[in-house]
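Report on the following structure.
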Amino acid sequence: MTQKLVVIGAGMASGRVLEHLFEGNADFDVTLFNAEERGNYNRIMLSPVLSGEKTYEDIVTHDADWYEANNVTCHFGTHVTAIDRQAKTVTSTKGTTSYDKLLIATGSAPFIIPVQGKDLPGVITYRDLDDTNAMIQAAETGGKAVVIGGGLLGLEAAAGLAERGMEVTVLHLMGHLMERQLDEAAGFLLRRDLEKRGITVKCRASTAAILGTDKVEGVLLEDNEGLEADLVVMAVGIRPETRLATDAGLEVARGIEVGAQLQTSDPDIFAVGECVEFDGQLFGLVAPLYDQAKVLAHSLMETPAVFTPKELSTKLKVTGCDLFSAGDFASGEGREDIVFRDPARGVYRRLVIEDDCVIGAVMYGDTSDSNWFFGLIRDKTDIADMRDTLIFGPAYQGGAPSDPLLAVAALPRDAEICGCNGICKGQIEDAIAAGATDIEALRSQTKASASCGTCTGLVEQVLSVTLGDDFVLPTAQPVCGCTDMTHEDLRRMIKSQELKSLPAVWQACDWKTPCGCHVCRPALNFYLLADWPLDYEDDPQSRFVNERKHANIQKDGTFSVVPRMWGGITTPDELRAIADAAEKYAVPTVKVTGGQRIDLLGVKNEDLPAIWHDLNQAGMVSGHAYSKGLRTVKTCVGSDHCRFGTQDSTGLGIQLEKALWGSWTPHKLKLAVSGCPRNCAEATCKDIGIVCVDSGYQISIGGAAGMDVRETSLLCQVATEAEVMDVVKAVTQSYRENARYLDRIYKWMDKVGLDWIQAQIADLDTRAALVARFDLSQTIYRKDPWAQQVVKSAPYIPLANLTLEAAE
Amino acid sequence: MSNWIDIAALEEVPQRGARLVKTPHGCVAIFRTAGDEVFALDNACPHKNGPLADGIVHGKAVTCPLHNWVISLETGAAQGADKGQVATYPAKVTGGRILLDADFLQQRAVA
């Protein structure tokens, strides 16, 4: 016999119940009430609607056709005012409707902080489409918005409003944003990212009153600070909407109390979603609501199932802010933390370990491995054996492949891909096999990635793995064929695992070749000497011939020799010595270089130690014209001679060159110092350029004049030569510590951002620490390689001469 | 019959490195791998005659310093997509000394 099912509330939870019922061909005549004037839509996607990335039409789950096809009687825009349990009827503004089974899905109501002015026009909450539209409308005229509440919803509202051009301030009562999902460090990164978008964040800010006469005009804080506001969004939290249930005499605690079958204290009345309380727990995220919906549908179809709350994870749907949190991440006795930070990339990962299991995870900046960590938490996996490299994610465990596609391929069929809808890899594979060969088809058939959408990439990867060539996704480029790791991975491993030798790296990073190749070895050699100057011993055999033989190899196997001329200044004696050497060793070509040096081209391999010796005797050292290191500091004559010169550019150039020479860097490093903005030393196309002005020194970085031509960007202006020295050393050291091998400064700057470099240099403690590390490294490396090589000249002369023997 | 001649102590050539031996018909490069094996090849890349002894030695291969051709030390053949061949000569280590076959080096002149 057909039963009458009345549903109060057309939200995501009750919508899912109906889907299950209709899929199960359950025999119900459904009447659906909704206070909103529309049916079920994907409420999670309101944030993209607010930010303009989607429209309402994009997020409708059930349209009029769907309700009609399933014979649902809809009363939208209709409030249910009472439930009569005796008569088994509900009363609405449209009259009385009787039921056999009643489903309460009234959801939640936003919590309104009880302050003066809370009812003024312009004060809105953020729960439904009407709120969203109100915000969109308010944003049309621009102006200032204050969002009260720095939780998930508040921040999504703030980001959306900022995206629509409003000047947004977020007020948050606690010490850091999203304190329920994030720890302090991740909260800080999130705050920084939001501030980059122009959003002002005030933590520990308690609202005293909302000001205004006819409409909202401002917000007053407890500390008497006043903020102007044309719009105030209240997003401090939600509470279950239980009024109807309470009035009907159902058992209600904070929410409507239900058992494991989602039944209320009245056996004919069920409840689902944010309005329920189960086992003392309330629910606000979609995944458990969908679980409830499934169980509830079974209860109605009399095939009872049991609802058990699962471990939950959170992601923020603000484009560009990648964060993930799951489990319990409070510190405590018996709990240990594993923390990984990569400030350059704004990446933070923290795992909380208890009894060899991961019980909590917070990730910011790079959440690509979040599913894997979430799996460890959910399955209570024993991580003792992989603890050392756990924080780096699945790619580093037991030789598991780091290609994300292979990692996806390796996932078992029951691995959860879509957390919102509880869709496993196997279900997606089955759907693909059944013909759903694109993301849209998969979404409609399995619901995978159809709710919050953050697993879209993962679903695409499953598609790619299953379909093969038809679906190509970009992957991070490994260093070379010897490893699956990227340069960034390697630098991270070297620092965090304290890898201090080539074999240690090869071992720890699972090198596929016994001793690397000509691509990875020079990179590794640099990373190791830059990160561990005291511990690592430079390996000449891992250097390109130029750096091994301290001269530039030419196409005929001869070399070029360039003595250093500090700041481009030389003397008659030096010039004489160079001329003598050129004649003595029959140097075919003598050329003046672009970096203000003299190049002796065509010197034979076996003559190198001798010509160096001669030049050393005249007081000259290697010019490192061959190195990934400091090349030259070019200068103009500055205030010594020039009528326009503002500072002693030559003297400063010489000082800089004497401080920096001998240092190894990711790629060549060229500097110039110009004595005035006429810039005769062409400082603004160098890796680091200094332009002297009357009031001091403009230091700019990231120029290039090679395959790419780039003008430098201003790093900072300082007043004294001493500050120039510190800033240049600090930026060089930061480049040494963070850049990828063979990236010039401009490429590095494009990756980390000028802002980040500026912040490092502006912070005087960070600057001083960088300078100290640079100076320490220079105690090892600022040596003349010529003088060192002259005494061990063996590599330059033949091992044996068989010409005589053979002639016999 | 081989005519092994003593060239130098193994230590004279660095691990993952090379040294040259002068012969009447050009230089021969003596390579020493990380595993202390030695190989003797003409010191000229088949591509543009780059000095192989100045290359980076990895595994049982060397990368030419001029244009990064990779040459097998065992066979003298260019690896990967490149096509070319370098002459190789018998070499061995006995009692910590590097030995080359003088007859073979002689034949080089005739070949």
query: All but one of (1) more than 20 Å from A:ARG740 (Cα to Cα); (2) within 14 Å of chain B (Cβ to nearest Cβ) hold for A:VAL462; which doesn't?
result: (2)
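Going by the conditions given, is A:VAL17 assigned to a strand (DSSP E or B), surrounded by 15 or more Cβ atoms within 10 Å (Cβ to Cβ) and among the β-branched types (Val, Ile, Thr)? Spell out the reasoning first.
Working: assigned to a strand (DSSP E or B): no; surrounded by 15 or more Cβ atoms within 10 Å (Cβ to Cβ): yes; among the β-branched types (Val, Ile, Thr): yes.
So A:VAL17 does not fit the description; no.
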task: Scan the stretch A:369-390 residue by residue and report those that are touching a residue at least 60 places away in the same chain (Cβ under 8 Å) and either among the aliphatic types (A, V, I, L, M) or open to solvent by 30 Å² or more (accessible area, probe 1.4 Å) (or both).
output: A:ASN371, A:ILE377, A:ARG378, A:ASP388
query: So is A:ALA787 modelled with pLDDT of 90 or more, closer than 22 Å to A:ALA659 by Cβ, more than 14 Å from chain B (Cβ to nearest Cβ) and open to solvent by 40 Å² or more (accessible area, probe 1.4 Å) or not?
result: no
message: Condition first: within 30 Å of A:LEU171 (Cα to Cα) and either of a type in the set (A, V, I, L, M) or more than 41 Å from the chain's Cα centre (by Cα) (or both). Can you find one or more residues in the stretch A:238-245 that meet it?
response: yes
- prompt: Mind checking whether some residue in the stretch A:50-72 is part of a helix (DSSP H, G or I), over 19 Å from A:THR106 (Cβ atoms) and of a type in the set (Val, Ile, Thr)?
  reply: yes
task: Can you confirm whether the stretch B:49-67 contains a residue that is among the hydrophobic types (A, V, I, L, M, F, W, C), surrounded by fewer than 20 Cβ atoms within 10 Å (Cβ to Cβ) and more than 9 Å from chain A (Cβ to nearest Cβ)?
output: no
- request: Run down A:THR779, A:THR720, A:THR803 and say which single residue is over 26 Å from the mean Cα position of the chain (by Cα), surrounded by fewer than 17 Cβ atoms within 10 Å (Cβ to Cβ) and within 14 Å of chain B (Cβ to nearest Cβ).
  value: A:THR803
- request: Report whether or not A:ILE494 is among the β-branched types (Val, Ile, Thr) and within 14 Å of chain B (Cβ to nearest Cβ).
  value: no
- request: Would you confirm whether any residue within the stretch A:734-743 is open to solvent by 70 Å² or more (accessible area, probe 1.4 Å) and either in a helix (DSSP H, G or I) or within 14 Å of chain B (Cβ to nearest Cβ) (or both)?
  value: yes
task: Hey, can you tell me all the residues within the stretch B:27-42 that are open to solvent by 30 Å² or more (accessible area, probe 1.4 Å) and facing chain A (nearest Cβ under 10 Å)?
output: B:CYS27, B:ALA34, B:GLY35
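Those residues that are under 14 Å from A:ILE8 (Cα atoms) and in a loop (DSSP other than H, G, I, E, B), I need them from the stretch A:269-285; list them, please.
A:VAL272
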- request: Report yes if some residue within the stretch A:78-85 is closer than 25 Å to A:LEU21 by Cα, in contact with a Lys or Arg (Cβ under 8 Å, 6 or more places away or on another chain) and open to solvent by less than 70 Å² (accessible area, probe 1.4 Å); otherwise report no.
  value: yes
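Residues that are farther than 20 Å from A:GLY516 by Cβ and touching a residue at least 24 places away in the same chain (Cβ under 8 Å): list the strands (runs of 3 or more DSSP E) wholly contained in the stretch B:23-111 that include at least 2 such residues. Even if it seems obvious, please write down each step before you answer.
Details: elements: B:26-32, B:38-42, B:56-58, B:61-63, B:70-72, B:91-94, B:97-101.
Hits in the stretch B:23-111: B:26-32, B:38-42, B:91-94, B:97-101.
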task: Only one of these is among the hydrophobic types (A, V, I, L, M, F, W, C) and at pLDDT 85 or above: A:LEU502, A:LEU473, A:LEU458. Name it.
output: A:LEU502
Search result, residues across the stretch A:541-586 that are in contact with an Asp or Glu (Cβ under 8 Å, 6 or more places away or on another chain), within 11 Å of another protein chain (Cβ to nearest Cβ) and among the basic types (Lys, Arg): A:ARG548, A:LYS549
query: Hey, any hits in the stretch A:157-175 for a residue that's surrounded by fewer than 22 Cβ atoms within 10 Å (Cβ to Cβ), within 21 Å of the chain's Cα centre (by Cα) and at pLDDT below 90?
result: yes
message: Can you pull out every residue in the stretch B:68-83 that is among the hydroxyl-bearing types (Ser, Thr, Tyr) and surrounded by fewer than 16 Cβ atoms within 10 Å (Cβ to Cβ)?
response: B:THR75
query: Since B:ALA91 meets every condition but one in (1) within 12 Å of chain A (Cβ to nearest Cβ); (2) closer than 28 Å to A:ALA551 by Cα; (3) small (Gly, Ala, Ser); (4) surrounded by fewer than 24 Cβ atoms within 10 Å (Cβ to Cβ), which condition does it not meet?
result: (2)
query: Within the stretch A:244-259, which residues are open to solvent by 30 Å² or more (accessible area, probe 1.4 Å) and either in contact (Cβ under 8 Å) with a residue 40 or more places away in the chain or in contact with a Lys or Arg (Cβ under 8 Å, 6 or more places away or on another chain) (or both)?
result: A:ASP247, A:GLY249, A:ARG254
field: Output for the stretch A:508-540, where each listed residue is assigned to a helix (DSSP H, G or I) and within 14 Å of another protein chain (Cβ to nearest Cβ)
entry: A:CYS520, A:ARG521, A:PRO522, A:ALA523, A:LEU524, A:ASN525, A:PHE526, A:PRO540
statement: Here the residues within the stretch A:266-315 that are open to solvent by 20 Å² or more (accessible area, probe 1.4 Å) and on the phi > 0 side of the Ramachandran plot are A:ASP279, A:GLY280, A:GLU302
- prompt: When you scan the stretch B:3-22, how many residues do you find that are at the interface with another protein chain (Cβ under 7 Å from one of its Cβ atoms) and either assigned to a strand (DSSP E or B) or touching a Cys at 6+ places or on another chain (Cβ under 7 Å) (or both)?
  reply: 8
query: When A:GLU228 is evaluated against the numbered criteria (1) within 24 Å of A:TYR290 (Cα to Cα); (2) touching a residue at least 60 places away in the same chain (Cβ under 8 Å), which criterion, by number, is the only one it fails?
result: (1)
From the options B:ASP6, B:ASP101, B:ASP42, B:ASP54, residue that is touching a Phe, Trp or Tyr at 6+ places or on another chain (Cβ under 7 Å), at negative phi and of a type in the set (D, E, K, R): B:ASP101
- prompt: If you take just the strands (runs of 3 or more DSSP E) that sit entirely in the stretch A:549-618, which of them hold at least 3 residues that are open to solvent by less than 40 Å² (accessible area, probe 1.4 Å)?
  reply: A:559-561, A:598-603
task: Give me the pairs, please: first residue somewhere in the stretch A:645-665 and touching a residue at least 40 places away in the same chain (Cβ under 8 Å) and surrounded by fewer than 22 Cβ atoms within 10 Å (Cβ to Cβ), second residue anywhere and of a type in the set (A, V, I, L, M, F, W, C) and part of a loop (DSSP other than H, G, I, E, B), beta-carbon distance under 6 Å, and either six or more positions apart or on two chains.
output: A:GLY645/A:CYS676; A:THR646/A:CYS676
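The values are calculated or read from the model by the stated rules, or taken from the named source; none is laboratory data. Computed from a predicted structure; not experimentally measured. A quick note on method: Cβ atoms are made from the backbone with ideal geometry, for glycine too, and the neighbour counts reach across all protein chains shown. Heads up: the accessible areas ignore ligands, DNA and RNA and are worked out on the full protein's heavy atoms, side chains in. Shrake-Rupley method; radii C 1.70, N 1.55, O 1.52, S 1.80 Å.
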